[in-house]
1. List the trypsin sites (Lys or Arg not before Pro) within segment 62-141 that DSSP assigns to loop and that have no more than 13 neighbouring Cβ atoms inside 10 Å.
2. If neighbour count is taken as other Cβ atoms inside 10 Å, put Cys101, Cys23 in order from fewest to most.
3. Amide H to amide H, which residues 5 or more places from Cys136 or on other chains are under 5 Å from it, using H placed in the peptide plane?
4. Rank the residues Asp105, Asp7 as a footprinting-exposure proxy: fewest other Cβ atoms within 10 Å of their Cβ go first.
5. Where does the chain land on Rg(C-alpha)/(2.2 N^0.38 Å)?
6. Expressed as an acute angle from 0 to 90° and rounded to the nearest 10, what is the orientation of the C-alpha long axis of helix 113-123 relative to the principal long axis of the chain?
7. Under a Cβ-Cβ cut-off of 13 Å, what is the net charge of the residues other than Thr99 that fall near it, where Lys and Arg count +1 and Asp and Glu count -1?
8. Using the Karplus curve 6.51 cos²θ - 1.76 cosθ + 1.60 with θ = phi - 60°, work out ³J(HN,Hα) for each residue of segment 130-141 in order, rounded to whole Hz, and write x for Gly and Pro.
Amino acid sequence: MTSSTTDLRERCREQLRERGARCTAARLNVLQVLAEHGGHLGAAQIHRRISEVGGHVEVSTVYRTLERLVELRLVHQLAGNAQVSFGLAMEAHHHAVCTGCGAIDQIPVAAVAEVMRAAASATAYRPEGLVLSGLCPRCQQ
Ligand SMILES: [Zn+2]
Ligand SMILES: [Zn+2]
């Protein structure tokens, strides 16, 4: 296990503890998969990734765990065209959605703060989130 993986697990543990939630293996696994991925994943993808690293967890457990993590506001969900996807909610972010493969990545809030202000004044909307559509790096190749 690399030191960054250990840090990650430690951070996830802390976040769960702060919320008075038990740090179960399933919760840790889900948070870790999302943190390592850095974007959004569907429940089935999360389940597959946990299995790939040797974790044994039922799909139904992944769904239940995600539900609980959403309640705890550690994870948020996004309704895409094809499926609901889940991403870490610890740091505020916007979303980039790939029109090729449907991948959803995170855009740091600070990176587009200017754009959000400009969009707000141009439309008189009170912006809550930005969804950027385009081709992800993998689909550009
Ligand atoms: Zn997100
Ligand atoms: Zn793509």
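1. Passing sites in segment 62-141 are Arg73.
2. Lowest count first: Cys101, Cys23.
3. Thr99, Gly100, Cys101
4. Fewest-to-most Cβ neighbours within 10 Å comes out as Asp7, Asp105.
5. 1.12
6. 50
7. Result for the neighbourhood of Thr99: 0.
8. Those phi angles translate into 10, 10, 9, 10, x, 9, 6, x, 5, 7, 6, 7 Hz.
Only the coordinates and a few stated rules stand behind these numbers; no lab work does. Keep in mind that what you see is a predicted model, and the values were worked out from it rather than measured. All Cβ positions, even for glycine, are placed from backbone atoms using ideal geometry, and neighbour counts span all protein chains on display.
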